[in-house]
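Any read-out appearing in this document is the output of simple, stated calculations on the displayed coordinates, not a laboratory observation. Note that this is a predicted model, so its numbers are computed, not measured. Because the Cβ atoms are built from the backbone with ideal geometry, glycine has one as well, and the counts that use them run over all protein chains shown.
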Amino acid sequence: MLFSTALNTFLIAGASLTLATPVWPHYSVENEHLEVLAMRKSMAVSPSAAFDVECLDRNARIVFHDQNAAELAICGGIGGSATKCAGAPETTVGRSGSAQFTLRATAPGATINVSKLRWEQCVRAARGVCPTGSMRATCRGGATSGDVAFTLDLPSAGSELR
């Protein structure tokens with residue numbers, strides 16, 4: 001009888017051990033992150049388009065859609081049929097929601113005439129180094145003489161260029 005009770009207790013304890021499910025940590029990834037990865041994967045990136053890339057605040061919450069809209073808002077707007085920065089500014093700002101791009105020509109007296117394709121390549125190359133948050137970098141070319149330095153930051157934050 002004692003053996004039978006001990007065997008039942010052992011079997012019940014064993015059964016509860018085998019029926020127990022492991023507790024795994026739960027991770028979630030926002031859909032926006034997956035969309036960003038898919039978009040970046042679909043566009044060829046030239047890593048040499050940007051240099052001196054510096055990640056400023058990796059935790060700054062810049063919405064990807066806002067970044068894209070601000071990217072096309074430089075120079076008064078380079079979206080749609082516009083193919084390059086018009087008006088020959090020395091500096092320009094593109095702002096949308098949680099994102100602000102601030103650009104300046106690096107050579108004295110130079111003006112910004114960056115093409116839409118060069119600008120998009122430059123931003124993608126910089127995002128390859130700093131995938132999240134705010135950043136600072138320099139685009140190779142894009143001005144009447146020399147390069148174009150830029151920052152991407154939150155609009156309320158300072159966006160000084162070096």
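At a glance:
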| quantity | calculated |
| --- | --- |
| Placed amide H near Val63: partners under 5 Å, 5+ positions off or other chain | Ser98 |
| For segment 70-81, 3J(HN,Hα) per residue [Karplus equation, 6.51 cos²θ - 1.76 cosθ + 1.60, θ = phi - 60°, Hz, x = Gly/Pro] | 5, 4, 8, 8, 5, 6, x, x, 10, x, x, 7 |
| Built amide H within the under 5 Å cut-off of Ala143, gap 5+ | Asn113 |
| Within segment 63-94: backbone nitrogen closer than 16 Å to the Ser46 label point (7 Å, Cα to C-beta) | 84-85 |
| Dipole in debye (nearest 20) - segment 31-153, about Cα centre, beta carbon charges: Lys, Arg +1; Asp, Glu -1 | 220 |
| Residue-wise HN-Hα coupling along segment 58-68, computed from phi with Karplus coefficients 6.51, -1.76, 1.60 (Hz; x: Gly, Pro) | 5, 9, 4, 8, 9, 5, 4, 4, 4, 4, 5 |
